[in-house]
Each structure stands twice: as C-alpha cells, then as structure tokens.
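I have placed the structure first, in the form of structure tokens, so that the comments after it can refer back to it.
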C-alpha cells in the first residue's frame, strides 16, 4: 500500500515536471519548426527531467508492477542519458579548466562572456527601447542604463561585458517584437558592476512548548548588472542638426514680427 | 602571516588598480580594511583564518562596491520605467 502511494506521488511529480518543463519548448517547436534555437533548448530540459527520474529510480526498484510499465519505458531512455548526466553533475563542483565547458555552462544561464574593456565607450544615453530578458529563472524588463540584481553568475568577474541572449520581447515606442519563446537575433549587452552579498537574513525556527529553537543566518550572493545596449530592434535616432533648428526658430520670430 | 607570504603577491598582481598596504599593528586582531570610492570603509577581522579564507574575503571586498549592506528594495533599479507609456485603465490598444 505504501509502495503504491509512493509511486503515485512520484508519477504525479513527474507529470507536474513534464507539464512545467516540456510544454514551453514543445509549443515553440509546433509554431516554428525551421528555427534551430528551440530545438537546442529541448534536449536541455529533457536531460534535467531525466536526471530527476534517475533519482526516483532507486525508490521504484521494488514497487508494484501495475504502473511500472509506463515508468519502465522512460527508465530505459534515462539509462542512456544518465551516464552523460553523471559526468556533467560531477563536474559542476570542480574548476572548469577547458574554456568550452565554461561557455556551455554559461549558455545554460543564458549569457555569453565577452572580454574586459578599459577605455571602451559602452555607456550610452537613454534610448526609448526595452527588452524582456531571462537570466536563470528570473525575467526582467530592461532598458538602457538600468541596474539589475541577479543570483551570483559564475564565470564572470567585475568589469566584464556580458551578452544576454535569452530575449523574450523587444519594444520601442512604435514597434513590439514578440519571441516564441526566444528572439534569435536579439542581444542585450550588460556590464558586471559588482559581486556582493545581500544583507543577512536570520532564519529562526521555533516550536513552542517543545524546547526547539534554531537560528540560522543566510547571505545571498548577488551580481549587479548594468544594461548598456539593446540590439535587434529599430531605434528612432533623434538627429541634432543645427540648420532645421535655426529655421524653426526663425519662422516664429518672423510670424511674431508680422503679427 | 602565511597569507602575506603566499597569496598577497598574487592578489596584488591580479589587481594592479588597487593600492595594497600592509601595516603591523600590535595588540590588535589582524584585519582587512577596504576603502571604497564612496568614502566607505569595510573592515573584516581575519583572526584565526586560513590563507584561503582570507583570500576569499579579500576577493569579496574587491568585488563589492562600497554600498551599505541593506536589504534590497527592488531587484531592478531604473530611471525610465516606461517606454510605451504607463498603462492606465483608459489606455486602449
């Protein structure tokens, strides 16, 4: 009885995860079959789903056989992927010596590292363009010159240029471009301002009359990014020419004189 | 002491833009002091710490701005919150 209950809850968990993780990329595939980017995102989400199943495998080894038929098919597929997964999981804690691994891991967090620049004029004036960008699991509506606090981004140091390539929406006063789910040609440039710790949060647990009291301090590591440029949409350029302004100024003067 | 011999030179080379000064102050715990551009000073006591821990704290001081450590109000700081106009109930598409 307990075995059956555990499996059912596991199956429910899996279906919940399938609905969360698999659904968005599948819809992208249905809409745009030619674009390569959605195809790239699907294997990643499948891998993570199968890694979850690899843990539940240990629990389901001695379970009832009724609902195991569905589970077995997926287990066989997971066994092929599990070997790659274990290698990837074991490397996460170590130093990334090969640069390719860095760029891969960075792509999972939807950013591409660019080189440091010292005397580069990156900071422009405000442009009336915004973009909705996703970093990790958080999405931000971003414009030129904004600062954003995200979770600590690995593989980048202070004063690094980043390119955030997971852009979901671009907007300007005249035009809006919606991605399904990502815009492949859009890019948002950002500069890492600092890696800092958040203020301390005290996690206090107490159960009354049970002599149980725990205090834990936690400081979250954050990264502050400053957005410098948004590319992928037409921006209206306000040209400051001397002649039209003077002509405009002259006309009202003449009119005033005539009146 | 071990930190100053082994890891301080590499830290100095990695950050040529920083001015690293070592002082021997008797009778006080060893500490790291960071002076920031907004005239903020951050002091970290490194008594009884291994060189790796001291290096970690030094890099943290180097990575941070001199902001006061307060709980963040918003994760997104912007001067121009709206591009296409703020939505009100009167706006019609």
Leading residue by the ranking (nearest to the other protein chains (Cβ to nearest Cβ)) among those in segment A:126-137 that are surrounded by 21 or more Cβ atoms within 10 Å (Cβ to Cβ) and either within 14 Å of residue B:83 (Cα to Cα) or more than 10 Å from the chain's Cα centre (by Cα) (or both): A:130
Report every pair of residues separated by at least 6 positions or lying on different chains whose Cβ atoms are under 6 Å apart, first residue within segment B:66-79 and more than 7 Å from chain A (Cβ to nearest Cβ), second in a loop (DSSP other than H, G, I, E, B). B:66/B:36; B:66/B:38; B:66/B:40
Quick one: is residue B:55 within 24 Å of residue A:157 (Cα to Cα), buried (at least 16 other Cβ atoms within 10 Å of the Cβ), more than 11 Å from every other protein chain (Cβ to nearest Cβ) and in contact (Cβ under 8 Å) with a residue 24 or more places away in the chain? yes
Regarding residue B:91, is this residue more than 15 Å from the chain's Cα centre (by Cα), outside any helix (DSSP H, G or I) and surrounded by 10 or more Cβ atoms within 10 Å (Cβ to Cβ)? no
If residue A:190 satisfies every condition in (1) within 15 Å of the chain's Cα centre (by Cα); (2) crowded, with 20+ Cβ neighbours inside 10 Å; (3) not in a strand (DSSP E or B) but one, which is the exception? (3)
Which numbered condition in (1) under 13 Å from the mean Cα position of the chain (by Cα); (2) more than 10 Å from chain B (Cβ to nearest Cβ); (3) under 18 Å from residue B:81 (Cβ atoms) is the only one that residue A:168 fails? (3)
Pick out the one residue from B:61, B:32 that is more than 11 Å from chain A (Cβ to nearest Cβ) and under 26 Å from residue A:155 (Cα atoms). B:32
Does residue A:163 satisfy being surrounded by fewer than 18 Cβ atoms within 10 Å (Cβ to Cβ) and part of a strand (DSSP E or B)? yes
For segment A:138-154, give me each residue that is surrounded by 16 or more Cβ atoms within 10 Å (Cβ to Cβ) and modelled with pLDDT under 85. A:153
State all residues of segment A:102-125 that are within 13 Å of chain B (Cβ to nearest Cβ) and surrounded by 13 or more Cβ atoms within 10 Å (Cβ to Cβ); if no residue qualifies, say none. A:116
Can you pull out every residue in segment A:195-210 that is within 14 Å of chain B (Cβ to nearest Cβ) and in a loop (DSSP other than H, G, I, E, B)? A:198, A:199, A:200
In segment A:171-187, anything crowded, with 18+ Cβ neighbours inside 10 Å, within 14 Å of chain B (Cβ to nearest Cβ) and over 14 Å from residue A:141 (Cα atoms) is listed as none
(1) more than 17 Å from residue A:194 (Cα to Cα); (2) loosely packed, with under 10 Cβ neighbours inside 10 Å: which one isn't true of residue B:20, the others all being true? (2)
Spot the failing condition for residue A:213; the list is (1) within 14 Å of another protein chain (Cβ to nearest Cβ); (2) outside any loop (DSSP other than H, G, I, E, B); (3) loosely packed, with under 13 Cβ neighbours inside 10 Å, and only one is missed. (1)
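The values are calculated or read from the model by the stated rules, or taken from the named source; none is laboratory data. All figures in this text were calculated on a predicted structure; none of them were measured in a lab. Please note: Cβ atoms are built from the backbone with ideal geometry, for glycine as well, and neighbour counts cover all protein chains shown.
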